[in-house]
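Taking it in order: structure first as structure tokens, then the write-up.
No lab work stands behind these numbers, since they all come straight from the coordinates. Worth saying up front: this structure is predicted, and the values here are computed from it rather than measured. Methodologically, a virtual Cβ is constructed for each residue, glycine included, from the backbone with ideal geometry; neighbour enumeration extends over all protein chains shown.
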Amino acid sequence: MNQSDRHTKEGFSLPDQYFEQSAKQMLRRIQEEGFETPANYFDALEAKIHQKKTSKTKVFRLIPIKWASAAAVVLLAVGSWVFLMGDHSESFSEENELVYLEYLMTDPSFITEQDLEFYFEEEEEMDDETLFEYLEEEELDWETLEEFI
Amino acid sequence: MTAASLNNKYDYFLSDIELIALITNRETANKGFGLLLNQYQERLYWHVRRIVLSHEDADDVLQNVFIKVFRYLPNFKGDSSLYTWLFRIATNEAIGLIKKRKPNINLPDDEIKEEVVAKLKSDPYFNGDDAMLHLKAAIASLPEKQMLVFNMKYFEGTKYNDMAEILETSVGALKASYHHAVKKIEMYIKEVQY
């Protein structure tokens, strides 16, 4: 499907040059940020990744026992939680959770204390003044209010 | 960079289902993977670059992300969108890398900002002006979640709902994080100006 096909797909229409404009807007923003890449970086990336993924053989790594135990505990805890809390009348996203956990397990060095903190991080408390400013700027909704009350 | 490259990258958009079908079929896997790269590589690259700041790091992270995606895509069940899944992996990989780079996370904010300013000034792939330099330094000194939310909202224009799925948190918490981030950045920019 090319861009002109997309203009009429399912009866929807969109402003002329919409995708070109949005690409230009994205580009302008990036240029304002001052970030650059080497010339033709994106053109060469595909070949680089293809090469890397085909040359990568499966390597068995020694996992430090500390991380192996930590990962096992996390897996067990999450598994139990999923089992206990889940609605067993339908199969829900536990398979994806397991895929994600499997992904984490492939690189145990990835699971650090900070990672765990990140996932279970408490929101910073707001002082009253900041809270009022915040509520003035944002639309009030119960979900937001309940987090602070 | 790249001025012309963005325009050509979005000629083809395949649905999640189409991409997954191509990649999980042995005969079309490489073609499908190429299309997946074509469709997502730039958005993911800039998302990662804003977190890790240097091109070399962004390149490393992006390659790892796509290799992991290729390896795990056959198991992807589609409970979240491919976009969400890719951004989640990219975010985790990028955060993982900056943690490895910053063993001392208790560094005072001022030192983090000075470090970032020095790093960007010496980076051949950064040409931002002073204002952008200080903005990047202020962003880098934010707590992780605030940094992610600020980048995604301010630079990438990501909707709170999409962000909530990627970062697995509530819209309310994200709005609060963004608000905190803006206040801290404003305060730092004022300090730098006066």
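Just a few scattered comments:
- Across the stretch B:108-113, coupling constants 3J(HN,Hα) worked out from phi with the 6.51/-1.76/1.60 Karplus curve, θ = phi - 60°, read x, 3, 4, 5, 4, 5 Hz, and Gly and Pro carry x.
- Here the calculated FRET efficiency for A:Thr54 and B:Tyr83, from their Cβ-Cβ distance with R0 = 30 Å, stands at 0.70, rounded to the nearest 0.05.
- Across chain B the C-alpha pair distances fall into 5 Å bins from zero in the proportions 1, 7, 14, 18, 19, 16, 11, 7, 4, 2, 0, 0, 0 percent.
- Calculated from backbone phi, Karplus (6.51, -1.76, 1.60) coupling profile of the stretch B:153-159 in Hz, x at Gly/Pro: 7, 6, 8, 9, x, 5, 6
- For the stretch B:55-71, 3J(HN,Hα) per residue [Karplus equation, 6.51 cos²θ - 1.76 cosθ + 1.60, θ = phi - 60°, Hz, x = Gly/Pro]: 5, 4, 5, 4, 5, 4, 4, 4, 4, 5, 4, 5, 5, 5, 4, 4, 5
- Taken over the stretch B:139-194, the ratio of Cα radius of gyration to 2.2 N^0.38 Å equals 1.14.
- The equivalent ellipsoid of the stretch B:1-101 has semi-axes of 23, 17, 11 Å, largest first, where each one is the square root of 5 times an eigenvalue of the Cα gyration tensor.
- Test item: Cα-centred dipole of chain B, Lys/Arg +1 and Asp/Glu -1 on Cβ, debye: 300 debye
- In angstrom, the C-alpha Rg and Dmax of the stretch B:39-93 are 11.0, 33.
- For a modelled paramagnetic label at B:Lys102, 7 Å from Cα along Cα-to-Cβ, the residues of the stretch B:177-194 in reach, with backbone nitrogen under 15 Å, are B:181, B:185.
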